[in-house]
1. In sequence order, what are the phi-derived ³J(HN,Hα) couplings for segment 147-162 according to the Karplus relation 6.51 cos²θ - 1.76 cosθ + 1.60 with θ = phi - 60°, rounded to whole Hz, with x for glycine and proline?
2. Membrane-span-like helices in the chain: DSSP H runs reaching 18 Å or more (Cα, own axis), mean Kyte hydropathy at least 0.0?
3. Springs between alpha-carbon atoms under 10 Å, Gaussian network over the chain: tell me which of 18, 256, 160 tops the mean-square fluctuations.
4. Read phi for every residue in segment 301-312 and hand back ³J(HN,Hα) as whole Hz from Karplus 6.51 cos²θ - 1.76 cosθ + 1.60, θ = phi - 60°, with x for Gly and Pro.
5. What residues have an amide H closer than 5 Å to that of residue 147, excluding those fewer than 5 places away on the same chain, when H is modeled at 1.01 Å from N in the peptide plane?
6. Counting other beta carbons within 10 Å of each Cβ, put 48, 178, 93 in order, fewest first.
7. Out of [x] 22.6; [y] 20.5; [z] 19.6, which label holds the value of Kirkwood radius over Cα pairs in Å that was computed here?
8. Among 280, 207, what is the fewest-to-most ranking by other Cβ atoms within 10 Å?
Amino acid sequence: MSLVDQTNFKLDQGCLKIIGTGMSVPVNIVNNYDIRKAYMADLDCDWVEQKLGISERRVSEVGIMTSDLASQAGLDALKQAGIAKNSIDLLIVATATPDRQAPATACLVQQKMGLDGAVAFDVSAVCSGFLFAMTIAKNFLQSGQSKRAMVIGADTFSRITDWSRRDAVFFGDGAGAVIMEAAPGTQAIFDAELFSNGNDANAFTVYPGDETFTMNAGDVLNSALEAIPKCADRVLSRNGLSIDDISIVVPHQPSINLLKKLSERTGIGFEKFCMNMDRYANTAGATIPIILHETLESGKIRKDDLVFFAAAGAGFTAGAAILRWH
């Protein structure tokens with residue numbers, strides 16, 4: 001399925017800035033050797049580390065839900081931004097592992113954080129969810145429907161993982177949050193190119209009646225490497241930019257192998273890619289906000305840097321976005 005032709009499409013771009021970030025991960029660390037000892041005696045831990053780039057992941061304790069991690073990440077972002085809770089008027093939670101079928105996890109997060117009055121809802125685009133949610137928040141801010149938005153990516157994939165299967169090593173639990181507001185009169189442009197293809201829905205799915213996910217890793221990799229470069233090319237060309245203008249890449253964290261291949265396909269130097277899957281594995285919707293928070297904390301993002309985001313997830317969904325840091 002090809003992307004819709006948008007050659008003559010010009011987005012009415014909006015400027016926005018991220019004024020705070022936060023993260024939360026469970027305290028329980030499970031490394032590859034723990035999984036081999038408890039579930040898979042034949043697991044090749046060296047292969048997992050070398051091919052996937054994953055050494056360990058965080059796994060939630062019994063009773064810890066997605067909303068708990070999301071709330072802590074949100075509170076962390078509020079503290080960093082130094083703003084009042086009542087200044088948040090929009091809360092979007094990107095998750096594929098909601099606490100309940102209803103209501104939205106965002107409503108539970110709103111209650112736990114005390115964000116009274118904030119419009120709250122979920123977005124489900126799995127590992128691409130955070131980029132989809134950021135784009136929705138941008139549109140709310142740009143239209144004036146929101147003054148200050150909190151976007152949280154949070155997942156507890158340990159709850160839907162069969163730990164006796166080899167693909168169990170891919171995932172971990174975590175949450176990350178950003179606080180966004182409009183930045184008129186600046187160069188802090190945010191733009192995103194998103195993509196969906198339901199023909200690949202079975203590449204990663206939880207079938208009706210199943211309690212754990214089913215994944216064809218090869219199909220996921222191939223779909224990601226097909227869609228993300230196209231999204232990247234479109235969002236860059238739409239804004240008169242090239243890969244040489246990219247200062248730093250804050251990507252989803254599926255595996256080091258996929259990111260290396262993505263670097264080759266896009267021509268973006270691998271040295272620009274930020275990674276933390278060695279410590280957290282793939283936290284699905286939480287990967288981008290977590291790595292963004294850690295990258296900012298390390299001082300690697302500076303004013304006027306062009307930050308490039310990329311993600312792919314079940315659906316099939318994908319996206320690429322740019323943000324001029326302000």
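1. Result, rounded to whole Hz: 9, 8, 10, 10, 10, 10, x, 8, 8, 10, 5, 4, 6, 10, 10, 8.
2. Details: long enough: 66-81 (23 Å, -0.13); 129-143 (21 Å, 0.88); 217-238 (31 Å, 0.16).
The qualifying helices are 129-143, 217-238.
3. Residue with maximal mean-square fluctuation among 18, 256, 160: 160.
4. 10, 10, 4, 6, 5, 8, 8, 10, 10, 8, 7, 8
5. Close amide H contacts, sequence-distant or interchain: 89.
6. On the way: 48 22, 178 27, 93 33.
Listing 48, 178, 93 from fewest to most nearby Cβ atoms yields 48, 178, 93.
7. [z]
8. Sorted ascending by nearby Cβ count, the order is 207, 280.
Every number here is computed from the coordinates shown, using simple stated rules; none is lab data. Being a predicted model, the structure only gives us computed values, none of them experimental. Glycine also receives a Cβ, built like all others from the backbone with ideal geometry; neighbour counts cover every protein chain displayed.
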